[in-house]
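What follows is a short report on a single structure.
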Amino acid sequence: MALCPHCEATLETPLCCMSCQALLETEAALSPFQILNLERGWSVDPHELQQKLLRFTRMVHPDFFVGAEPRERELAERHSAAINAAHTTLSRDTTRADLLLNELGGPSEKDERQMPQAFLMEVIEWNETLEEARAQIKDPATEARLQELDETLKCERVKILTAVGAGLTPLPPSGAAELLEVRRDLNAVRYIDRALTELEVLRLEGAAS
């Protein structure tokens, strides 16, 4: 870890010095892992992540720099936003996986839209269930079918995220071929998330009808 240019204390984050409380200029773009001083990887300890958020936010929060010079207030606002954005990215499995894929030179969601072949057969069945639910939203039996689908999708999500984690642990070399499979698995997770959102909307519509 680098040293503070003002007091030469070891920096816990590139954004500020916990020793002399100076806000620091940053020239290069920083990874969320660098901002929160966490080892880059799939596994992130939620408790440690939250502790880093609170600790660093207390040092850079704009409310503490109301009477400071304009440049320092600007840094406080920028650094506070960067810390919050880093926490949001790393706290979610899907955005953390996206970040790692990007940093490792893997395909983006835009470049690779396919999902695992075996998963596609299940998608067809799930889509049919959702279509039937839309057409029979007032049928009392629809709620039971949606509940069953909800449980199935959530179980499948856990299973596929486990595969994503396995593909990123340990981190493969930059540009490795296996990153393509990780992206396809992540696309499947994104499909499930959209399906779960749609399913919840249908259940609310059914309850209101």
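The values are calculated or read from the model by the stated rules, or taken from the named source; none is laboratory data. All of these numbers come straight from a predicted model, not from anything done at the bench. Quick reminder, even Gly has a Cβ in these numbers, built from the backbone with ideal geometry, and neighbours come from all protein chains shown.
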Flagged pairs (Cβ under 6 angstrom, 6 or more apart or on separate chains; first in the stretch 25-40, in contact (Cβ under 8 Å) with a residue 24 or more places away in the chain; second aromatic (Phe, Trp, Tyr)) are ARG40/PHE33
Within the stretch 160-176, of all residues that are hydrophobic (A, V, I, L, M, F, W, C) and in a helix (DSSP H, G or I), the one surrounded by the most Cβ atoms within 10 Å (Cβ to Cβ) is VAL164
Here the residues within the stretch 177-206 that are touching a helix residue (DSSP H, G or I) at 6+ places or on another chain (Cβ under 9 Å) and outside any helix (DSSP H, G or I) are GLU178
Do we find that SER174 is more than 25 Å from ALA97 (Cα to Cα) and of a type in the set (Ser, Thr, Tyr) in this structure?
no
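Residues are listed down the side, and each one gets a yes or a no for (1) surrounded by 13 or more Cβ atoms within 10 Å (Cβ to Cβ); (2) free of Cβ contacts under 8 Å to residues at least 60 places away in the same chain; (3) in the same structural domain as ARG157 (by TED's automatic domain parsing):
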position	(1), (2), (3)
ARG71	no, yes, no
ALA82	yes, no, no
HIS87	yes, yes, no
ASP98	yes, no, no
TRP126	yes, no, yes
LEU130	yes, no, yes
ALA135	no, yes, yes
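For LYS154, indicate whether it is surrounded by fewer than 17 Cβ atoms within 10 Å (Cβ to Cβ), over 30 Å from GLN34 (Cβ atoms), in contact (Cβ under 8 Å) with a residue 60 or more places away in the chain and of a type in the set (D, E, K, R).
Working: surrounded by fewer than 17 Cβ atoms within 10 Å (Cβ to Cβ): yes; over 30 Å from GLN34 (Cβ atoms): yes; in contact (Cβ under 8 Å) with a residue 60 or more places away in the chain: no; of a type in the set (D, E, K, R): yes.
Answer is no for this residue.
Results for (1) in contact with a Pro (Cβ under 8 Å, 6 or more places away or on another chain); (2) closer than 30 Å to ARG157 by Cα, shown as yes or no for each residue.
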| site | (1), (2) |
| --- | --- |
| ARG58 | no, no |
| PRO62 | no, no |
| PHE65 | no, no |
| ALA68 | no, no |
| ARG73 | yes, no |
| ARG78 | no, no |
| ALA85 | yes, yes |
| ARG92 | no, yes |
| LEU99 | yes, yes |
Of the numbered conditions (1) under 16 Å from the mean Cα position of the chain (by Cα); (2) not in a helix (DSSP H, G or I), ALA68 fails exactly one; give the number of that condition.
(1)
Return yes when GLU131 is modelled with pLDDT under 95 and either over 30 Å from GLU39 (Cβ atoms) or in contact with a Pro (Cβ under 8 Å, 6 or more places away or on another chain) (or both) and no when it is not.
yes
Reported set for the stretch 92-135 where residues are assigned to a loop (DSSP other than H, G, I, E, B) and closer than 20 Å to THR197 by Cβ is ARG92, GLU109, ARG113, MET115
